[in-house]
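First up is the structure itself, then whatever we jot down about it.
All of the numbers you see were taken from the coordinates with simple rules; none came from a lab. Worth saying up front: this structure is predicted, and the values here are computed from it rather than measured. With ideal geometry, Cβ positions are generated from the backbone for all residues, glycine too; neighbour counts draw on all protein chains shown.
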Amino acid sequence: MDILTGVLDAWQAAVNAHEPERVADVFTEDAIFQGLHPYSVGRSGVAAYYDSQPPGMTADYRIVETRRLAEDVILGYASVNFAFTDRPTLSVHLSVVIRRAGDRWLIAHYQVSRL
């Protein structure tokens with residue numbers, strides 16, 4: 001769970017700082033990304049998605065379940081609250097698959113669903 005926490009902490013810090021390119025850096029080059037809009041593949045889609053989010057949006061997550069699928073692959077399931085400055089908090093479920101890429105762990109698959 002420490003590995004997953006490290007990856008999600010990096011994602012959260014970049015989201016909360018509204019730094020889309022830094023968010024995208026937490027993903028693999030070929031990541032499948034499904035936010036609440038049509039999906040994309042790759043870091044540029046992740047960056048564009050987070051660039052379109054309003055300034056001041058923050059993410060707060062709690063890991064619910066985690067499974068090590070292989071030595072270099074971890075599945076994570078989390079509850080995430082996205083807070084905004086001008087509207088109510090949005091609560092979602094987040095499933096991620098992270099994998100080791102060299103000496104880093106990165107998000108290879110990201111799937112959000114509403115509660």
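Below are the figures for this structure:
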item	result
Size of charge dipole - the chain - debye, nearest 20, with Cβ of Lys, Arg +1 and Asp, Glu -1, no other charges	320
Inter-label distance, nm, simple model (7 Å from Cα along the C-beta direction), VAL41/ALA70	1.8
Per-peptide average of other Cβ atoms within 10 Å, ordering 62-73, 103-114 highest first	103-114, 62-73
Helix-only mean residue ellipticity at 222 nm for the chain, each DSSP H run of n ≥ 4 adding -39500 (n - 2.57), per residue, nearest 500	-7500 deg cm²/dmol
Burial ranking of peptide ranges 39-45, 52-58, 11-17 (average Cβ count within 10 Å, highest at the top)	11-17, 39-45, 52-58
Part-to-part distance (alpha-carbon centres) for the stretch 96-113 and the stretch 10-46, which is given in Å	11
Residue exposure sequence - THR28, THR85, THR5 - by fewest surrounding Cβ within 10 Å	THR85, THR5, THR28
DSSP-defined beta bridges in the chain - what % are antiparallel, rounded to 5	90
C-alpha long axis of helix 2-16 to longest principal axis of the chain, angle in °	30
When the stretch 2-114 is reduced to its Cα atoms, the Kirkwood hydrodynamic radius in Å	13.9
HN-Hα J in Hz across the stretch 38-48 - Karplus 6.51, -1.76, 1.60, θ = phi - 60°, x for Gly and Pro	x, 6, 9, 10, x, 5, 5, x, 5, 4, 5
